[in-house]
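Please read the structure below before turning to the comments.
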Amino acid sequence: MAEQVMLPDPARPNFDGWTCPLPLRDHPAVVMGHGGGGQLSAELIEHLFVPAFANPLLEGMADSAVVTLGGARLAFSTDSFVVQPLFFPGGSIGDLAVNGTVNDLAMSGAQAAYLSCGFILEEGVELSVVGRIAADLGTAARRAGVIVATGDTKVVDSGHGDGVYVNTAGIGLVPDGVDIRPQRAVPGDVVIVSGMIGVHGIAIMSVREGVSFGTEVVSDCAPLNGLVAAMLDVTLDLHVLRDPTRGGVATSLNEIAKAAGVGIELTESLLPIPETVANACAFLGLDPLYVANEGKLLAVVAPEDADAVLAALQAHPLGVDAAVIGECVPDHPGMVVTRTTFGATRVVDTPIGEQLPRIC
């Protein structure tokens, strides 16, 4: 009897040779994407760390926790810095270590008062490098008006530390009447960005990869506490503040949309993207919305306050290029979209990992 041959069923797709275009999410070990600020980072935090540390203060998932101690409202935050290279146009890991924590506190409306500082040094790193980083850190602290009040130093074996890692934690007072958190965004709110986006990530990439874009791209690394103070002088009722570091503007806005249960609609033509960044992203195949910033903030404010807040930003040296880029809407809650210059709408999702790892 002749062997029966099974013909393919035209109604069933043939999956032979198919590959998944996205990385698998079930990782038995840590991957670089877990540190990128995207979906993998969120899953690591939500499914591993939050259950282990479960308490009401963690539920806000903000840049800093606001606690009450001795009758005072304090913002409290910590951040670790593993950027490579250690020095880059516009700053160093020392500058980032101060400004990153100062800015996280500022996103709760707090003025940073005190920092702790921990250095993890690799055996063999030159003391001149450590000294330069420490000097940068001290200068940045004085510029931000914050005191480095305590610290720690550890040394690890050669080959296990990549030079220098730095951790800082900080505390600051939250003014009375200020309630800034991602859950406060509501439909009708206006979304403002304080300046040109994507600069820091491209500055790091250009040095790390030795790629020239015709001109030196300088990081926007800066303390934003003075900028936030200028906004609070206009109104205490700022709904949301966020500094779009890892994962860029796109990731921060997605976090806000999900936390508040609102949709966010951007207008592509309003996004302040410097030509150098736009050209670099086109060359590298990157989207500026996902590229990290270290001296910019996103503000979500009531429509009646938007003009005054925008004017206050533009009057400050760090907010000259501030712009309204979108609004919160009742449609597609938890999702960010942008209206393109061609009149179409595209979804701006949270990335799985990170386009540019180790940028802070």
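The values are calculated or read from the model by the stated rules, or taken from the named source; none is laboratory data. Because the structure is a prediction, the values reported are computed rather than measured. Here the Cβ is made from the backbone with ideal geometry for all residues, glycine too, and neighbour counts use every protein chain on show. Ligands, DNA and RNA are stripped out before the accessible areas are found, and what is left, the full protein with its side chains, is counted by its heavy atoms. Shrake-Rupley method; radii C 1.70, N 1.55, O 1.52, S 1.80 Å.
Kindly check whether there is at least one residue in the stretch 72-83 that is among the polar types (S, T, N, Q), buried (at least 19 other Cβ atoms within 10 Å of the Cβ) and either assigned to a helix (DSSP H, G or I) or in contact (Cβ under 8 Å) with a residue 12 or more places away in the chain (or both). For the stretch 72-83, residues among the polar types (S, T, N, Q), buried (at least 19 other Cβ atoms within 10 Å of the Cβ) and either assigned to a helix (DSSP H, G or I) or in contact (Cβ under 8 Å) with a residue 12 or more places away in the chain (or both): present.
Take the stretch 155-173 and flag every residue that is among the polar types (S, T, N, Q) and assigned to a loop (DSSP other than H, G, I, E, B). Write out each step before concluding.
Step one: of the stretch 155-173, the residues among the polar types (S, T, N, Q) are 158, 167-168.
Result: Ser158, single match.
Out of Val191, Val156, which single residue is assigned by TED's automatic domain parsing to the domain that holds Tyr114, aliphatic (A, V, I, L, M) and in contact (Cβ under 8 Å) with a residue 12 or more places away in the chain? If you could, list the steps in order and put the result at the bottom.
Numbers: Val191 fails: assigned by TED's automatic domain parsing to the domain that holds Tyr114.
Criteria check complete, one pass: Val156.
All conditions in (1) buried (at least 18 other Cβ atoms within 10 Å of the Cβ); (2) out of contact with any Phe, Trp or Tyr (no Cβ under 9 Å at 6 or more places or on another chain); (3) modelled with pLDDT under 95; (4) small (Gly, Ala, Ser) hold for Gly210, with the sole exception of (1). Here is a check on your reading of the model: is Glu268 among the acidic types (Asp, Glu) and farther than 18 Å from Thr338 by Cα? No; evaluated as a whole, the condition is false for this residue. Comparison of Ala54, Ala112 shows that the only residue that is at pLDDT 95 or above and on the phi < 0 side of the Ramachandran plot is Ala112. The single condition from (1) open to solvent by less than 20 Å² (accessible area, probe 1.4 Å); (2) in a loop (DSSP other than H, G, I, E, B) that Asp176 fails is (1).
Remark: Glu255 matches the filter, which requires a residue to be assigned by TED's automatic domain parsing to the domain that holds Gly226, of a type outside the set (Val, Ile, Thr) and under 18 Å from the mean Cα position of the chain (by Cα). Would you confirm whether or not the stretch 54-61 contains a residue that is outside any strand (DSSP E or B) and open to solvent by less than 40 Å² (accessible area, probe 1.4 Å)? Checked the stretch 54-61: at least one residue is outside any strand (DSSP E or B) and open to solvent by less than 40 Å² (accessible area, probe 1.4 Å).
Residues to consider are Arg132, Arg142; find the one that is of a type in the set (D, E, K, R), surrounded by fewer than 13 Cβ atoms within 10 Å (Cβ to Cβ) and either out of contact with any strand residue (DSSP E or B) (no Cβ under 8 Å at 6 or more places or on another chain) or outside any strand (DSSP E or B) (or both). Please lay out each step first, then the result.
On the way: Arg132 fails: surrounded by fewer than 13 Cβ atoms within 10 Å (Cβ to Cβ).
It is Arg142.
In the stretch 250-286, which residue that is of a type in the set (Asp, Glu) and touching a residue at least 24 places away in the same chain (Cβ under 8 Å) is most open to solvent (accessible area, probe 1.4 Å)? Write out each step before concluding.
We begin by selecting, within the stretch 250-286, every residue of a type in the set (Asp, Glu); these are 255, 265, 268, 275.
Those left that are additionally touching a residue at least 24 places away in the same chain (Cβ under 8 Å): 255, 265, 268.
On the way: Glu255: 75, Glu265: 43, Glu268: 58 Å².
Applying the filter and picking the extreme gives Glu255.
Checked against (1) open to solvent by 20 Å² or more (accessible area, probe 1.4 Å); (2) assigned to a helix (DSSP H, G or I); (3) closer than 23 Å to Gly91 by Cα, Leu289 meets all criteria but (1).
Between Glu354, Glu327, which is of a type in the set (D, E, K, R), modelled with pLDDT of 95 or more and either touching a strand residue (DSSP E or B) at 6+ places or on another chain (Cβ under 6 Å) or surrounded by 15 or more Cβ atoms within 10 Å (Cβ to Cβ) (or both)?
Working: Glu354 fails: modelled with pLDDT of 95 or more.
Matching residue, one of Glu354, Glu327: Glu327.
When the residues of the stretch 24-51 are filtered to those that are assigned to a loop (DSSP other than H, G, I, E, B) and open to solvent by 70 Å² or more (accessible area, probe 1.4 Å), the one that is modelled with the lowest pLDDT is Leu24.
Among the residues of the stretch 292-309, which ones are closer than 13 Å to Met231 by Cβ and outside any loop (DSSP other than H, G, I, E, B)? Of everything in the stretch 292-309, those that are closer than 13 Å to Met231 by Cβ and outside any loop (DSSP other than H, G, I, E, B) turn out to be Leu298, Ala299, Val300, Val301, Asp305, Ala306, Asp307, Ala308, Val309.
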